[in-house]
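The values are calculated or read from the model by the stated rules, or taken from the named source; none is laboratory data. Bear in mind the structure is a predicted one, so any value in this text is a computation, not a measurement. No Cβ is skipped: glycine too gets one built from the backbone with ideal geometry, and neighbour counts run over all protein chains shown. Remember, those area values only see protein heavy atoms, side chains included, never the ligands or the DNA or RNA. Shrake-Rupley method; radii C 1.70, N 1.55, O 1.52, S 1.80 Å.
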Amino acid sequence: MRDGKATVSATRFAGFLAVVWLQVVAVLVAVLLVLQALPGAAAVRIALPLVIATAGLLWFATVRALRLRRPSPAGVPVSRTDAPALWSMIDDAATAAGVRPPAAVTVVAGATVTLSEHARLAGLRGGRRELFLGMPTLLAWDETWLRAAVAHELAHGSPRLGRFAPLAYRGRAAVARIVPRIPRRSPSGPLLRAYAGWYGAADAPFAREQELFADRVAAEFAGGRAAAGVLRDGPVLDGLQQIFHAEYLSPGWQAGFVPDDVFGGFLRVLAARGEDLAMLRMVEPPAPGRWDPHPPVPERLAALAELTVEGPEPEPAAAGDLLPELPALGRALQAVAFPPAGRTVTSWDEFFGAARLAEMEREADASLRAISRVAGSPVRGAADVLELAADGRLRKIAETVFGDLPAEETTGRIAELIALLLALAALHGGVARWRHSWLGTAEVVAPDGAPLDLTGVAELATDPATVGEARERIAAMGIDPGVIAPVGDRPVARVPVIGGVVNVLVDGVRSDLLIVETGLVLVPGLPRSRNGEAKRRLSRLATDGVLADGTPAGSEPPVGSAGSRFVPFTDLAGASAHRNGRRSWEMSLRDGGTINVRTALDSDELPGGWTALDDAVAFLTSTR
């Protein structure tokens, strides 16, 4: 019976591939029938180019959709001689699942345990299998949890549910990757998507059975508690890693620095943010996606509860103990997963300080640009702002900059700006330092750790009558308001990249567009003949980073990016979005010029690109 289910599932997948190629054959037959109806001379004159064009286009589109390319993530291979205990565990897990051990094991930066198979013939034949182990899992999990995760992954390819069960699993994974690659405007798309939808619905019961079987193998090999723990905490660990990247790593990375021990920092965050882990565990797991074969987590946990043996369990060893030189492995992984690319390697303390300082300077620079534009003269730092406050002009400028804000809120904005500029002056003058916590908080303190009441002083400086008193307090703290950021003693800060779009028309010229925190980077587009390179080029530009003036931060800018133009948001007076067939955006410059952006037939985006552009236009519309 089980063998029959696997055979039926594999047959459905073979049917999907047959439908793909039958459509190609049907179109070619239709073309040949039309040509037969033409006179002989016309048929010869028309046939060759028409058949070549039709067959070539269909063949290219079909092969492109069926080609299951899966780029391997950056990682460090671990051989049997490097970690014999790890490989022994993997061999035992393979025996328990009834499959061959993987050909290779690679440690990667993501919080994952995944078995990747380089299938051939669109999934009809198996191929080389590689097991990817995430460094976060080696740091956070114990050995039994890792055993459960590895056994579950290997059991996906087990033939115990039928001779064709491995093919059924490969086929389901292949269709899930093929369908999104079918162009929406393809004439063959509706039929293939319809068949794929039927295939997914009809195959769901056997897919569920395969996943529950893999859970059962994991429970038998590592224990029911370990298998259930992986189900509960897998998404939690992934969520914590996202917090780590967003709050701890990304700001300093954008500022031009990289910590000397990325994974050591993650381990400290893991130890410090227990409350966040508890909150993440309380979040309901999302329902499986359309092509996700896993049953809902509560159903899987209920099935595992029946396999869990009650009673105490021995204290397990840490998963990282299976690798003899885990710290060295972490450093080697950092070199390939987080290459400096021109960034300065520092300790975590210096990294945090540089990140906070760069963020403050970006915020201060944007505010000072706006104030300078209204004031009609350069305003460079705290000393200039205090001068404006003393003669009453700062209030009038702020009312112009902040528009229709209530008086109290305008005063609060002025105080925040003055406090920010005083903090920068204190840090650059060496009379203050950062005090950081692995909980994610930080504050500016005196060199001896004493608190600095910059907020109170800033509130005094908002009133022209008390600016003198504020200056006295500032002097008593040892802060020189005239100190501004020194030039050349640290890397030029990169600005955060929000998103990007490729192959758009900017003022009628083919271009790529990168949206950064402070403005838009317009990159000359590549010719249509090099269309495939455009997205890779912009992705590399976003990965290397962009400096505050819009120039690429990488030591070797991507080919064709010379001549890029940076448009700061402060130079834009307004923006609007339109849709008349194709989407378009119009932005007006303060000097009277305009920038028109319009989509083309082959326009595409980096992840979140269109949303980032829409958000930028909405921001410009609401604040101008």
- For the range 1-24, what are the residues that are at pLDDT below 75 and open to solvent by 50 Å² or more (accessible area, probe 1.4 Å)? Met1, Arg2, Asp3
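Looking only at the range 351-362, which residues are in contact with a helix residue (DSSP H, G or I) (Cβ under 9 Å, 6 or more places away or on another chain) and of a type outside the set (A, V, I, L, M)?
Within the range 351-362, Phe351, Phe352, Gly353, Arg356, Glu359, Glu361 meet the criteria.
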- Item | Residues of the range 376-407 that turn out to be part of a helix (DSSP H, G or I), open to solvent by 80 Å² or more (accessible area, probe 1.4 Å) and of a type in the set (Asp, Glu), as a count | 2
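Return the residue satisfying two criteria in turn: it lies in the range 444-483 and is outside any helix (DSSP H, G or I) and farther than 26 Å from Gly353 by Cβ, and of such residues it is most open to solvent (accessible area, probe 1.4 Å).
Step one: of the range 444-483, the residues outside any helix (DSSP H, G or I) are 444-453, 462-463, 477-483.
Cutting the leftovers down to farther than 26 Å from Gly353 by Cβ gives us 462-463.
Working: Thr462: 34, Asp463: 71 Å².
For the range 444-483, the residue satisfying everything is Asp463.
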- Message: For the range 513-536, give me each residue that is open to solvent by less than 20 Å² (accessible area, probe 1.4 Å) and either at pLDDT 85 or above or of a type in the set (Val, Ile, Thr) (or both).
- Response: Leu513, Leu514, Ile515, Val516, Gly519, Leu520, Val521, Leu522, Val523, Leu526
- Message: Need the failing condition index for Pro552 against (1) buried (at least 19 other Cβ atoms within 10 Å of the Cβ); (2) at pLDDT 80 or above; (3) farther than 18 Å from Gly252 by Cβ, just the number.
- Response: (2)
- Message: Please go through (1) open to solvent by 20 Å² or more (accessible area, probe 1.4 Å); (2) at pLDDT 90 or above; (3) farther than 29 Å from Leu133 by Cβ for Ser347 and return the number of the only condition it doesn't satisfy.
- Response: (3)
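Working only within the range 408-443, note down all residues that are part of a loop (DSSP other than H, G, I, E, B), surrounded by 14 or more Cβ atoms within 10 Å (Cβ to Cβ) and in contact (Cβ under 8 Å) with a residue 60 or more places away in the chain. Explain how you work it out, then say what you get.
Taking the range 408-443 first, the residues part of a loop (DSSP other than H, G, I, E, B) are 429-432, 437-441.
Then drop every residue that is not surrounded by 14 or more Cβ atoms within 10 Å (Cβ to Cβ), which leaves 429, 431-432, 438, 440.
Of everything in the range 408-443, those that are part of a loop (DSSP other than H, G, I, E, B), surrounded by 14 or more Cβ atoms within 10 Å (Cβ to Cβ) and in contact (Cβ under 8 Å) with a residue 60 or more places away in the chain turn out to be Trp438, Gly440.
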- Note on the structure: Residue pairs qualifying under the 6 Å Cβ cut-off, at least six apart or on distinct chains, with the first in the range 567-595 being open to solvent by 60 Å² or more (accessible area, probe 1.4 Å) and the second being in a strand (DSSP E or B) and among the aliphatic types (A, V, I, L, M), are Asp571/Leu589; Arg590/Ala573
- Task: Those residues that are touching a Ser or Thr at 6+ places or on another chain (Cβ under 7 Å) and either in a helix (DSSP H, G or I) or open to solvent by less than 20 Å² (accessible area, probe 1.4 Å) (or both), I need them from the range 259-298; list them, please.
- Result: Pro259
- Query: If you go through the range 217-255, how many residues are open to solvent by less than 10 Å² (accessible area, probe 1.4 Å) and outside any helix (DSSP H, G or I)?
  - Reply: 1
- Determine which member of the set Gly223, Gly289, Gly274, Gly256 is closer than 30 Å to Arg343 by Cβ and of a type in the set (Gly, Ala, Ser). Gly256
- Message: I need every pair where a residue in the range 147-170 that is more than 23 Å from Arg225 (Cβ to Cβ) has its Cβ under 6 Å from the Cβ of a residue that is charged (D, E, K, R) and assigned to a helix (DSSP H, G or I), sequence separation at least 6 or different chains.
- Response: Leu161/Arg2; Gly162/Arg2; Gly162/Asp3; Arg163/Asp3
